[in-house]
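Enquirer: First the structure, then my questions, so here it is.
Please treat every number below as a calculation from the coordinates, not as lab data. Remember, it's a predicted structure, so these values are computed and weren't measured experimentally. Note that we place each Cβ from the backbone using ideal geometry, even for glycine, and neighbour counts take in every protein chain shown.
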Amino acid sequence: MIRLRGTIIAISTFFAIVSLYVIIDQRPVQPLSSTGVQTTTTTRVTATTIPIDNRLCGLAQRLVATLTQDQREVVPAMKDFYSMVATFTEDDMRGDFVAASRFYTEVNDIATKANWDINRIVTNNDGARWRALMTGTPTGVQEARQDVLDLCRTKLPDPPSIEVDYAGRITDPILARLLAPGDKEIIYLPPSSESPSD
């Protein structure tokens with residue numbers, strides 16, 4: 001019976017100490033205020049970094065909110081977005097954004113040089129590269145769009161493209177003619193006029 005009473009006293013003493021500690025710890029310390037004494041408070045500023053997901057999603061949502069349907073505005077905006085995001089993302093995601101940035105940079109450079117005119121793109125000898133960019137699958141772009149969709153639930157615009165059929169032929173006849181690869185001439189040398197001497 002004495003052991004039981006000692007155990008109960010020990011347990012209740014333990015809980016009393018823990019309870020007092022919790023109560024004391026929760027009470028805010030009140031500064032002593034006296035008349036005529038000025039008190040100053042200092043606030044401590046802590047530097048924080050924005051998590052990658054929040055930064056990426058904020059940029060993506062602002063981008064989508066400001067985009068128009070004009071490719072002359074969309075392409076440079078996407079180039080800038082992918083270039084910026086590639087600076088603070090890591091690993092595979094960074095690789096996707098770097099590749100997407102390269103695609104949009106090349107499209108923007110070719111199109112800007114020709115003032116977004118297909119005829120001038122062809123006359124600038126960029127027709128073959130433009131065709132490859134517009135009809136192929138741009139490396140990293142779909143992956144980067146999926147990364148943003150998964151993390152931010154924000155759908156970025158499709159990359160610029162030219163519609164092709166199942167065989168990879170351009171469906172628009174005017175564009176097909178303009179961007180048709182040039183035939184390489186095969187030069188045949190005439191037979192030599194000299195006959196072998198006997």
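Enquirer: For a distance above 27 Å, tell me the whole-number percent of Cα pairs in segment 52-178 that qualify.
Expert: When all Cα pairs of segment 52-178 are counted, 22 percent exceed 27 Å.
Enquirer: Once R0 is set to 35 Å, what does the formula 1/(1 + (r/R0)^6) return for the Cβ-Cβ distance between A128 and E90, expressed as a FRET efficiency to the nearest 0.05?
Expert: With R0 = 35 Å, the Cβ-Cβ based efficiency is 0.50.
Enquirer: Using all C-alpha to C-alpha distances in segment 77-129, build P(r) with 10 Å bins and read off the rounded percent in each one.
Expert: Reading upward from the zero bin: 27, 38, 24, 11.
Enquirer: Could you give each residue of segment 94-99 its phi-based ³J(HN,Hα) in whole Hz, using Karplus coefficients 6.51, -1.76, 1.60 with θ = phi - 60°, and x for Gly or Pro?
Expert: 4, x, 4, 5, 5, 5
Enquirer: Testing the spin-label approximation: label points 7 Å from Cα along Cα→Cβ at R169 and L67. State their distance in nm.
Expert: That separation, rounded to one decimal, is 3.2 nm.
Enquirer: Can you tell me the convex hull volume per residue for segment 95-163, based on C-alpha atoms, in Å³ to the nearest whole number?
Expert: Per residue, the Cα convex hull of segment 95-163 comes to 84 Å³.
Enquirer: Show me the ranking of peptides 101-114, 120-133, 160-173 by mean Cβ neighbours inside 10 Å, starting with the highest.
Expert: 101-114, 120-133, 160-173
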